[in-house]
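Structure first, then comments.
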Amino acid sequence: MKPSLIRSALLGASVVVLALGAQTASAQEALDTLKQQGFARIAIANEPPFTAVNPDGSVSGAGPDVARAVFKRLGVDDVVASISEYGAMIPGLQARRFDAVTAGLFMKPERCAAVAYSEPILCDAEAFLLKAGNPLNLRTYKDIADNDQVRIGAPGGGTEERLALEAGVPRDRVIVVPDAQSGITMLQQGRIEVYSLPVLSINALFTQANDSSLEVVAPVEGAPVYCDGAAFRKDQTDLRDAFDRELAALKESGEFASIIEPYGFSAAAAIGTNREALCAQQ
């Protein structure tokens, strides 16, 4: 090989080594910052069983519990949660108010373009909560669109709001509900005819309400199954990758299943898919 080619090859190799070193240093710097503050700041929605804030202020739910376990493996002692509407989570993350979002924020192409998701954590389908007997025969979002007397309640900026709008429900019949208890109250008072959330969230809410005048319809026909992941800023893919490595170890060891399955989630569903497939799903 000519000396000039040797020099070029060595220079190229040096650039690769330096780039890898910079990436490792960047990941370590991000982790060092979290270790120094002693916790990771996460955004949640207080929507059991995905996320929950207990009466004493402590944070639980499948999402925060997985995040806490992963961050502990990374040397970060705990998580501190802020309750946020779904529509405000990504802007808050981008504004650096959170270190990650672990809140049942399902992967969608537009969200995948805005944040760096981890591999899948929690998977679920969609459900309706409505009057017992389902007198309006609502089984799809299209059924709601076709009945101009039906108003649907959904979290602002959430998947259910988008699915309703995409099915043709007019904006003025899609009512933004700030929290789960408000959804129950609005349904009981007749201010909405149906409330939509993921299956597990609706079931938890239905059990808590203990109201025989209500009924769950699940899964919503024609609605896809979604999975979330921990969401990081786009400039912190190295931190996301470190999170992914420890998440994979949790899945491999069985600890992942032991964390999420008591909440009703399927570990097999999360292990059986991947970020690439979910981000491509329309």
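Since every read-out is calculated from the coordinates, none of them should be taken as a lab result. Predicted model only: the values in this text are computed from it and were never measured. Cβ coordinates were reconstructed from backbone atoms using ideal geometry, including for glycine residues, and neighbour counts include every protein chain displayed.
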Roughly how big is the range 56-178's charge dipole about its Cα centre, with Cβ charges of +1 (Lys, Arg) and -1 (Asp, Glu), in debye to the nearest 20?
100 debye
For ARG151, which sequence-distant residues (separation of 5 or more, or a different chain) have an amide H within less than 5 Å of its own amide H, given hydrogens modelled in the peptide plane?
GLU193, VAL194
Scaled by the rule-of-thumb 2.2 N^0.38 Å, the alpha carbon Rg for the range 229-282 gives a ratio of 1.23
Rounded to the nearest 20 debye, what is the charge dipole size of the chain about its Cα centre when +1 sits on each Lys and Arg Cβ and -1 on each Asp and Glu Cβ?
880 debye
Stokes-Einstein D for the range 127-278 (10 °C, 1.306 mPa s, Kirkwood Rh from Cα pairs), in µm²/s, comes to 93 µm²/s
Fraction of alpha-carbon pairs in the chain farther than 36 Å apart, rounded to whole percent, equals 22 percent
Which whole-Hz ³J(HN,Hα) couplings does the range 41-57 yield from phi under the Karplus relation 6.51 cos²θ - 1.76 cosθ + 1.60, θ = phi - 60°, glycine and proline marked x?
8, 10, 9, 9, 10, 6, 10, x, x, 4, 9, 7, 10, 7, x, 7, x
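Given +1 on the Cβ of Lys and Arg, -1 on the Cβ of Asp and Glu, and no further charges, what dipole in debye does the range 126-217 carry about its Cα centre, rounded to the nearest 20? Please list the in-between numbers first.
Values: 8 positive and 12 negative charges, 15 e Å.
The dipole magnitude comes to about 80 debye.
Using just the alpha carbons, could you tell me how many Å³ per residue the convex hull of the range 120-159 encloses?
Looking at the range 120-159, the number lands at 104 Å³ per residue.
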Below 8 Å, C-alpha to C-alpha, sequence gap of six or more: please give me the relative contact order for the range 126-217 in percent.
44 percent
Note, the range 264-270: 3J(HN,Hα) by Karplus (6.51, -1.76, 1.60, θ = phi - 60°), whole Hz, Gly/Pro = x, goes x, 7, 9, 5, 4, 5, 6
Lysines near LYS72 by alpha-carbon distance under 20 Å, same-chain residues fewer than 8 away left out - which ones?
LYS35, LYS251
Going by average Cβ density within 10 Å per residue, which order do the peptides 233-242, 116-125, 38-47, 208-217 take, highest to lowest?
116-125, 38-47, 233-242, 208-217
3J(HN,Hα) from dihedral phi, the range 217-227, Karplus parametrisation 6.51/-1.76/1.60, rounded to Hz, x for glycine, proline:
10, 7, x, 5, 5, x, 8, x, 8, 10, 10
Two-decimal Rg/Rh across the range 126-217, once Rg and the Kirkwood Rh are taken from alpha-carbon atoms
0.91
